[in-house]
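S.K.: Below you'll find the structure I mean.
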Amino acid sequence: MPVQAGEDTSIANVDHLIRYAMVAPFVHGKRVLDISCGTGYGTQFMALQGAREVIGVDVDQSSIDFASKYYQHPQVSYLQSDAHYVRSLEDASFDLIVSFETIEHLQHPRQFLAELRRLLKPGGQLFLSCPNDHRVSPWISSYHLHRFRFTEFRDLFLSLFGEAVFFGQHYVIASCLVKPIAPKAKVSQFDAYQNSLPDGFFGQHYLEHLSSIEDADGYLAIVGVDESQLTNQMSLSQRAFQVLMHAMCHAEAARIGQQHDQIQLQHLQAQLAQAQQEVGIAQARIAAMESSKFWQLRQSWFHVKRRLGLPVNE
């Protein structure tokens, strides 16, 4: 769906942009299909990296309208279609296909993969990602129709394509010791991926823990690219960390406020219970008075005074 004005996408960018950046070295001079292109930022990026033509396909017309307006390029065109079968596209017509975080949304994953195989040229390249919804995460979408473990994703993919290289995508917390650098003016959200860190920027690298691909946060399947051409990728974002810390602080403040409200509610409930108890005691006393002989004689005396027309002061 289109990104709303004012929405901070820093965390999502760390997740999504690195996939397109990994594809970038392979798109030059090729006809590329970006299926489930969303708002089109990745589609445009691949055109900027030298693709001969890029077609972005998405089922959501509002996303296509947004992409056509904000992510235009002479080599880019957008098309609204169901991903299971893109009727207007011919067999074996693309050199390279990308589809990120799509398969889990679709009713028929196998049919979708068969459609990608139909559209890909012999010897063509395919990059396809899928999240691991069996992990613990607050970002697992309720719109996912399928939840794939790695072995399920791998076996389904290989049953259609025969062979592939698989990467795991891992979300990590990083801490960097960096000499003072002059910040560069940001032109687009892909700037960092167009101008990667120079060799030797980090002297030492430390890896405290990284899970196996079975426990990764997501999977990436690659067809038609020799494993020797693929390298591990890393995306660092201080802005994303700041957004996350802000969200955690906001959540903690909300928790403390909720705790304070709960204490206030308990205090008010205790006061109400005490007031109800005091009312009960008073009502019991009144009932006892009204049932006493003195009270009955007093009421009879008032009745006589009324009959005689005398003033009654109760």
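S.K.: Could you derive backbone 3J(HN,Hα) for the stretch 196-208 from the dihedral phi with the Karplus parameters 6.51, -1.76 and 1.60 (θ = phi - 60°), listing whole Hz in sequence and x where the residue is Gly or Pro?
M.R.: Result, ordered by residue: 6, 5, x, 4, x, 4, 9, x, 10, 10, 10, 10, 6 Hz.
S.K.: Also, I was wondering about something else. Considering only the other residues whose Cβ falls under 15 Å of the Cβ of Ile103, what net charge follows from Lys and Arg at +1 and Asp and Glu at -1? Write out the running numbers ahead of the final one.
M.R.: On the way: positive: Arg19, Arg110, Arg117, Arg147, Arg149, Arg154; negative: Asp34, Asp58, Asp82, Glu101, Glu104, Glu115, Asp133, Glu152, Asp155.
Within the 15 Å Cβ shell, the charges total -3.
S.K.: While we're on this one: Enumerate the aspartates and glutamates that Lys293 could reach by cross-link, defined here as Cα to Cα under 18 Å, with residues fewer than 8 away along the same chain left out.
M.R.: Glu314
S.K.: Here's a follow-up. Which percent of Cα-Cα pairs in the stretch 112-165 sits in each 5 Å bin, short to long?
M.R.: It works out to 4, 15, 27, 21, 15, 12, 5, 1, in whole percents.
S.K.: Mind putting a number on the dipole of the stretch 259-314 about its Cα centre? Charges go on the C-beta only, +1 for Lys and Arg and -1 for Asp and Glu, and I need it in Debye to the nearest 20.
M.R.: 600
S.K.: Continuing with the same structure: For the chain, find the longest principal axis of its Cα atoms and tell me its angle to the long axis of helix 293-308, 0 to 90°, nearest 10.
M.R.: Rounded to the nearest ten degrees, it is 70.
S.K.: Also, quick follow-up: Where does each of 166-175, 203-212 land if you order them by average Cβ count within 10 Å, highest first?
M.R.: 166-175, 203-212
S.K.: Further question: Select from the stretch 93-173 those GluC sites (Glu not before Pro) which occupy a DSSP coil region and have at most 12 other Cβ atoms within 10 Å, ordered by residue number.
M.R.: Glu163
S.K.: In addition: Using the alpha-carbon atoms, what tilt in degrees (0 to 90, nearest 10) does helix 150-161 show relative to the longest principal axis of the chain?
M.R.: For 150-161 against the chain, the angle is about 40 degrees.
S.K.: In whole Å and largest first, what semi-axes does the C-alpha gyration tensor of the stretch 252-308 yield when each eigenvalue is scaled by 5 and square-rooted?
M.R.: On the way: eigenvalues 503, 24, 3 Å².
Working from the Cα gyration tensor, I get semi-axes of 50, 11, 4 Å.
S.K.: How far, in degrees from 0 to 90, does helix 10-23 lean away from the longest principal axis of the Cα atoms of the chain, to the nearest 10?
M.R.: Between helix and principal axis, roughly 20 degrees.
S.K.: For the peptides 222-234, 266-278, what is the packing order when you average, over each peptide's residues, the other Cβ atoms within 10 Å and list the highest mean first?
M.R.: Highest mean packing first, the order is 222-234, 266-278.
S.K.: Ordered by packing density, taken as the mean number of other Cβ atoms within 10 Å over each peptide's residues, highest first, how do 33-42, 20-29, 46-55 rank?
M.R.: Numbers: 33-42: 24.5, 20-29: 18.2, 46-55: 20.5.
Order by mean packing, descending: 33-42, 46-55, 20-29.
S.K.: Share of antiparallel DSSP beta bridges in the chain, in percent to the nearest 5?
M.R.: 40
S.K.: Amide H neighbours of Gln169 under 5 Å, at least 5 residues apart or on other chains, H built in the peptide plane: list them.
M.R.: For Gln169, the qualifying residues are Asp217, Gly218, Tyr219, Leu220.
S.K.: For Kirkwood radius over Cα pairs in Å, pick the label among [x] 24.5; [y] 25.1; [z] 21.6 that corresponds to the value derived from the coordinates.
M.R.: [x]
S.K.: Can you spot the aspartates and glutamates whose alpha carbon is less than 12 Å from Lys30's alpha carbon? Ignore those fewer than 8 places along the same chain.
M.R.: Within the straight-line limit of under 12 Å, Lys30 reaches these aspartates and glutamates: Glu53, Asp95.
S.K.: Suppose each label sits 7 Å from its Cα in the direction of the beta carbon; what would the Leu297-Ala114 distance come out to in nanometres?
M.R.: It is 10.3 nm.
S.K.: Counting other Cβ atoms within 10 Å of each Cβ, which chymotrypsin sites (Phe, Trp or Tyr not before Pro) in the stretch 100-143 have at most 14 and sit in a DSSP loop?
M.R.: Answer by residue number: Trp139, Tyr143.
Each reported figure results from applying straightforward, stated rules to the coordinates on display, with no laboratory input. Computed from a predicted model, the values in this text were never measured in an experiment. Cβ: placed from backbone, ideal geometry, glycine included. Neighbour counts: every protein chain shown.
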